[in-house]
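The values are calculated or read from the model by the stated rules, or taken from the named source; none is laboratory data. Owing to the predicted nature of the structure, the values given are computational and were not obtained by experimental measurement. As a convention, Cβ positions derive from the backbone with ideal geometry for all residues, glycine included, and neighbour counts pool all protein chains shown. SASA here: full protein model, heavy atoms, side chains in, ligands and nucleic acids out. Shrake-Rupley method; radii C 1.70, N 1.55, O 1.52, S 1.80 Å.
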Amino acid sequence: MRVSSHTVGAFQENCYLVVDETVGRAVIVDPGAEGERLVRAVRASGAELEAIWLTHAHIDHIGAIAVVRSEWPVPILLHPADEPLYVRGAAQAAVYGLPFDDPPPADHDLTDGATLTVGTLEFSVLHTPGHAPGHCVFVGNGIVLAGDLLFAGSIGRTDLPLSDPRRMSESLARIAALDPALAVYAGHGPATTIGRELETNPFLNGVARVVRG
C-alpha cells in the first residue's frame, strides 16, 4: 500500500491517495480543492481510480469532487447524515468567497461497520459524528484516515453548524480505543499515531483514561 498526501486549498486540507500497488488500484479521500492538481497526482500514480471516499462534507473536503469526477466516473461515498452539508457546498463556499463547482450527488451511503475495498485492501468504516453529523473515519492496513476527528495535538472544531460536542466526545472515545500503533492521517496537519495522541493530546488524554480505566 502507498499513501500520498496532497495539501490543497485555502484551508490547507490534506487529500489522500491510497494505492494498492499489487493490483494498481486507488481511491481518493477528501478531494477538497485544486482539482487539476489532484487529477495529475492520480495519473502520476499509475493506478486506476476506483472511488471517492469522503470523511465528511465540509467545503474544504469536497471542493474538487466535480473536477475529479469529470475525469473518472467513479462512485462517491458519503454518510447520509452529511447530505445537508453536501448539498449546501456552494453556500459554504460563498461565505469564504471561494469558487466552487457543485459535485454530483453521492452514489453510496457510508454506514458504521461497513467494509470498503480498494484493490485487495480492506478498510472498516467508523461513524464518528461530532465535527459533522456524518463524519466517518476509515481504519485498516495499519492506518486511520481520520478526517477532522483527530489531529496531531488537537481535534476538529465543534462550534460549526450541525456540530455536536457531546457526540464528538463519544467519537473520540471510539478512536482512543483503537490500536496505539495505528498511523493517523488527519484532514489537516502532520501525520501522527493513536499512541502518540493518547500520550500528548490534551483532548484525547482524558478520554483515554476513561476508556481504558
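Worth pointing out:
Per-residue answers, yes or no, for (1) in contact (Cβ under 8 Å) with a residue 12 or more places away in the chain; (2) open to solvent by 10 Å² or more (accessible area, probe 1.4 Å); (3) farther than 20 Å from A191 by Cα:
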residue	(1), (2), (3)
M1	yes, yes, no
G9	yes, yes, no
E21	yes, yes, yes
V29	yes, no, no
R43	no, yes, yes
L85	yes, yes, yes
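- Test: residue in the stretch 127-142 that is touching a residue at least 60 places away in the same chain (Cβ under 8 Å), open to solvent by 50 Å² or more (accessible area, probe 1.4 Å) and either of a type in the set (F, W, Y) or within 27 Å of G9 (Cβ to Cβ) (or both): yes
For (1) farther than 21 Å from V87 by Cα; (2) under 13 Å from the mean Cα position of the chain (by Cα); (3) of a type outside the set (S, T, Y); (4) modelled with pLDDT of 95 or more, each residue gets a yes or a no:
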| residue | (1), (2), (3), (4) |
| --- | --- |
| T120 | yes, no, no, yes |
| V139 | yes, yes, yes, yes |
| F151 | yes, yes, yes, yes |
| R157 | no, no, yes, yes |
| E170 | yes, no, yes, yes |
| L182 | yes, no, yes, yes |
| P190 | yes, no, yes, yes |
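- For the stretch 103-113, a residue qualifies if it is among the charged types (D, E, K, R) and not in a loop (DSSP other than H, G, I, E, B), and exactly one does: D109.
- Residue list for the stretch 51-83, filter: among the aliphatic types (A, V, I, L, M), crowded, with 24+ Cβ neighbours inside 10 Å and more than 20 Å from S124 (Cα to Cα): I59, I62, A64, I65
- Scan of the stretch 114-124 for residues that are open to solvent by less than 60 Å² (accessible area, probe 1.4 Å) and either free of Cβ contacts under 8 Å to residues at least 24 places away in the same chain or assigned to a loop (DSSP other than H, G, I, E, B) (or both), ordered by number: A114, G119, F123, S124
- Listed conditions (1) open to solvent by 40 Å² or more (accessible area, probe 1.4 Å); (2) modelled with pLDDT of 95 or more are all met by D101, apart from (2).
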